[in-house]
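The values are calculated or read from the model by the stated rules, or taken from the named source; none is laboratory data. Since this is a predicted model, take the numbers as computed values, not measurements. Here Cβ is always computed from backbone atoms with ideal geometry, including for glycine, and neighbour counts include all displayed protein chains. For accessibility, only protein heavy atoms count, side chains too; no ligands or nucleic acids. Shrake-Rupley method; radii C 1.70, N 1.55, O 1.52, S 1.80 Å.
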Amino acid sequence: MDSRLYEAKLGEHKMFKDLKDSLQEDSGAKLRNLTVLKDDVFYVWNSIENCVFSVNVQHLDDHNENTPYQKLHLLSPPAFPVERMMGSECGSRLCLWGSRGVTIAELPQRWGRGGLFDSGSQTVLCKSYSLDERYLYSLSEVRRVHWHPTSFSHLLVLVSDNTIRLYNIALKAGPKLVKTFSIGRKACGSLGRTLQAGLGDAAVDFTPLPDSERLLVLSGEGDVHLMTCELEGNSVLQACLSPPLAMYPPAADNYGSESCGVAALGGGGAPVLVVLATCAATLYHCLLLPAPTDNEADGHALYVVEALELNITLNPDDMLHYSYPVHLYNCTPNTYACMHAGGVHAVTLPILGHLKDYALAAEGDTESILTAICSRPSAARHLVCTSGAGQPSPPVGFAVSPPPLPTLLILCNDGVLLTRTLEPYDLEDRLYKELQLKNPGLNQDDINNILKERQKLSFTTIIQEILAREVSQPLLNLNKSEELDPKEALELLTQATLKLRGEYMSRQQRAADAIRRKVATLAALGAQHDDWAAELRKEITEMQSKTAELKNKLSLANKIQEDMKYRCSAVVRSLRSAARTTAAERELLEELERHRARGDQLADRIKLVKEHALYKRAELKQWQEEYKKKNTALGKSHSDTISSILQQQTNQISSLIEETKLLKDQLSIV
């Protein structure tokens with residue numbers, strides 16, 4: 001789909017106006033993500049009506065104004081404030097969770113011409129159920145929820161008592177707790193949990209590794225544990241929690257004392273890159289590799305590649321306290337997004353594009369690939385800024401559109417849906433793979449030619465290199481009800497002007513100069529091509545005149561040839577008519593006359609035989625009719641005698657007919 005669909009049609013949908021009051025509900029110091037984009041359906045949670053609003057994006061693209069949004073009401077709505085919503089991989093369930101509980105909603109079937117729920121009904125009922133409602137609501141706090149990496153029917157819930165609880169949600173009798181895994185010291189009482197969280201001993205986040213059944217568990221003090229979980233049988237889970245992974249090079253504060261988020265990217269034959277986020281908006285990129293030790297308990301270690309510090313606010317004098325966590329979302333194989341109190345950042349990791357090449361490279365090519373890995377650092381773009389005067393207002397929704405050109409959909413608390421497109425570093429590679437999948441008939445030579453052509457540096461790549469920015473100017477989504485202080489407004493304007501001049505206008509001027517030089521070169525080449533085209537047109541005119549002349553000669557030659565053929569035929573006919581017949585020809589003619597006379601005789605005999613056969617048939621028919629009229633019954637001997645006589649006559653007639661056919665064939669009589 002075109003990214004303009006989300007901005008021009010989806011962003012202007014009536015659904016967001018009706019959601020404005022619900023999105024402005026105060027959630028305290030917690031980030032929320034109340035949107036999901038799955039299978040061309042955009043879901044948003046409405047906390048006032050306690051239901052899910054959904055709109056079919058594909059139907060909206062086809063019918064525009066005739067696409068209403070649908071309300072998905074849950075039969076058992078959540079009794080807790082919903083903070084996050086996520087969809088299952090199979091697209092049949094929604095998971096709504098907050099710090100006080102988890103609710104699973106079974107989505108109804110989509111049917112009808114538009115592919116809407118319940119054929120487009122305004123209100124749709126959905127089956128829903130809560131997980132351990134009494135325990136999660138009263139005795140603990142939910143920190144993180146993930147679908148099991150290899151199962152569509154199992155859910156992993158990280159609880160504040162340092163346990164991960166596994167639930168099976170596909171049972172007819174309802175969800176069931178399969179097993180509880182301990183990932184640290186379990187505190188007794190709410191005061192103990194608060195103290196443990198303040199010291200950083202409690203787990204704050206976990207994430208599954210790509211292409212694996214292992215989990216990375218992050219504690220508040222920055223320790224990362226590796227847990228292996230494999231589903232065996234129906235509900236048996238075996239888990240093994242490793243000690244804290246060593247981080248190289250070591251740091252005194254273990255790379256931050258207030259960690260809040262972890263994400264894993266890569267996989268597919270390449271080393272996994274782990275992203276660790278702290279509450280101070282610092283991101284650490286680490287490679288998960290085997291540890292350089294003989295101790296089997298360690299197994300793996302984290303190697304810190306680089307660190308990024310995000311600029312949460314545009315105004316450097318704004319005293320924004322980092323009491324908000326940083327949420328990490330995987331966007332593409334080499335890009336992830338960070339949602340925080342100041343808006344949304346997008347971080348691109350060019351290193352991931354070279355790790356797989358390095359893992360599969362020969363020993364002689366490793367140096368060049370290492371040079372390519374270190375040539376381009378990671379880049380962070382500030383896409384949307386929501387911090388300004390007064391209390392910051394973080395986004396309340398984040399979603400990523402499907403490939404080939406992923407678009408970030410950011411929902412602000414005032415009901416505005418902002419769209420930002422990721423920089424497509426690997427767009428050409430992904431489009432080339434899709435080209436191969438759509439054209440499986442390409443042979444190896446064609447593929448090699450395409451690969452050779454792709455090695456050339458295009459002018460588009462040159463312009464992209466010129467326009468590549470080190471910093472970005474985000475979209476401002478400030479609270480319109482509060483006016484900015486003149487000093488603060490002037491500082492924001494000055495800073496934005498400097499960025500626009502240094503990172504936008506100057507680079508655009510360089511790009512314009514490059515385009516101007518390219519245009520001048522193409523103009524000179526175009527003039528030369530015009531000269532060549534004039535010469536070619538002159539040659540074409542000459543060739544056309546020669547062609548017309550040759551056509552005239554050809555038609556004249558054909559006419560002369562036809563005349564000669566007619567004259568030759570006339571000569572042959574006259575020679576044949578003037579020549580006398582020879583003795584052999586006269587003998588052959590006499591033989592033909594004899595055969596014709598014999599054929600006439602045979603034809604007369606055949607005529608007589610046919611008349612005789614017709615007479616016999618008529619006589620036989622008359623006899624049969626007279627016989628039927630008689631009521632006398634013949635004896636067996638009389639019947640056999642008559643049958644034999646009739647059979648003999650029939651055989652004689654058949655033999656006469658066969659002889660007649662043979663004579664016709666010999667004499668060629670029709």
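With 26 Å as the limit on Cα-Cα distance, the pairs of 616/664; 20/71; 14/487; 9/487; 616/661 that go past it are 14/487; 9/487.
Hey, if you put +1 on the Cβ of every Lys and Arg and -1 on every Asp and Glu Cβ in segment 514-670, which of 548, 615, 536 ends up farthest toward the positive end of that dipole? Result: 536, furthest along the dipole toward the positive end. Among the protein heavy atoms, those of residue 18 account for about 60 Å² of accessible surface (1.4 Å probe, every chain in place).
Within straight-line reach of residue 538, meaning a Cα separation under 16 Å, sit the following lysines at least 8 residues removed in sequence or on another chain: 546. Of the peptides 503-510, 275-282, the order by per-residue mean of other Cβ atoms within 10 Å, starting with the highest, comes out as 275-282, 503-510. The residues neighbouring residue 400, those whose beta-carbon lies less than 12 Å from its own, together hold a net charge of +2 under the Lys/Arg +1, Asp/Glu -1 convention. Take 326-333, 529-536 and order them by the average number of nearby Cβ atoms within 10 Å per residue, most first; the result is 326-333, 529-536.
Charge dipole (Cα centre; +1 on Lys/Arg Cβ, -1 on Asp/Glu Cβ; no other charges) of segment 487-632 amounts to roughly 560 debye. For residue 356, the lysines whose Cα falls under 26 Å of its own Cα, not counting residues fewer than eight places away in the same chain, are 433, 438, 452, 456.
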